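The values are calculated or read from the model by the stated rules, or taken from the named source; none is laboratory data. This structure is a prediction, so every number in the text was calculated from the model and none was measured. Every residue, glycine among them, receives a Cβ derived from its backbone with ideal geometry; neighbour counts consider all protein chains shown.
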Amino acid sequence: YTLSRDGHVRGDVLYRLWKPRTQARVELVLYFLFFFPGVLALVFAGLDYAGESWFYKEVSVMSPANVPIFQFKMIIPFAGGLLFIQGLAQVCRCIICIKTGKWPAHLEDVEEMETMLLKQGKG
């Protein structure tokens with residue numbers, strides 16, 4: 001969610017001084033150098049981890065009821081897959097910025113519950 005809303009903190013002093021096209025080019029390179037390899041490592045390691053757990057029908061050793069937990073470990077590769085898809089969307093944003101010279105606007109399709117309640121209370 002934070003990646004799709006460009007909410008991550010950037011510590012680079014130079015980044016904000018660059019033109020949008022330069023920012024997009026640098027981000028595009030960094031996505032392929034760091035983001036995608038890291039996410040793919042998460043997906044494949046998570047698949048191995050979850051697959052082994054599924055094979056042994058792993059249960060919680062902390063519970064006297066032996067609660068099965070192997071299904072929940074599938075969340076790891078699933079979350080990595082979703083993160084990979086969002087990375088593809090970010091790459092598309094970079095390509096659009098390189099072509100047009102400006103960043104596409106982030107959609108504001110989600111509103112915080114507190115904000116909605118405050119609006120209802122005032123109206």
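Given 47, 28, 82, 33, which one is farther than 17 Å from residue 8 by Cβ and either of a type outside the set (Val, Ile, Thr) or under 20 Å from the mean Cα position of the chain (by Cα) (or both)?
When all the criteria are applied, what remains is 47.
Among the residues that make up region 57-78, is at least one of them out of contact with any Cys (no Cβ under 7 Å at 6 or more places or on another chain) and in contact (Cβ under 8 Å) with a residue 40 or more places away in the chain?
no
I'm told residue 65 meets every condition in (1) modelled with pLDDT of 85 or more; (2) small (Gly, Ala, Ser); (3) part of a helix (DSSP H, G or I) except one. Can you identify the failing condition by its number?
Tallying (1) modelled with pLDDT of 85 or more; (2) small (Gly, Ala, Ser); (3) part of a helix (DSSP H, G or I), residue 65 fails exactly one: (3).
Failed condition for residue 6, given (1) among the acidic types (Asp, Glu); (2) free of Cβ contacts under 8 Å to residues at least 24 places away in the same chain; (3) on the phi > 0 side of the Ramachandran plot, with all others met?
Among (1) among the acidic types (Asp, Glu); (2) free of Cβ contacts under 8 Å to residues at least 24 places away in the same chain; (3) on the phi > 0 side of the Ramachandran plot, residue 6 violates only (2).
As an exercise: evaluate residue 106 against (1) outside any helix (DSSP H, G or I); (2) within 17 Å of residue 2 (Cβ to Cβ); (3) modelled with pLDDT of 90 or more and give the number of the one condition it does not meet.
(3)
Table: residues versus (1) without any contact (Cβ under 8 Å) to a residue 24 or more places away in the chain; (2) surrounded by 12 or more Cβ atoms within 10 Å (Cβ to Cβ); (3) part of a helix (DSSP H, G or I).
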residue: 10; (1), (2), (3): yes, no, no
residue: 13; (1), (2), (3): yes, no, no
residue: 21; (1), (2), (3): no, yes, yes
residue: 25; (1), (2), (3): no, yes, yes
residue: 36; (1), (2), (3): no, yes, yes
residue: 41; (1), (2), (3): yes, no, yes
residue: 49; (1), (2), (3): no, yes, yes
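Could you tell me which residue of region 59-98 is surrounded by the fewest Cβ atoms within 10 Å (Cβ to Cβ), considering only residues that are aromatic (Phe, Trp, Tyr) and more than 30 Å from residue 28 (Cβ to Cβ)?
Step by step, filter region 59-98, then rank; the result is 72.
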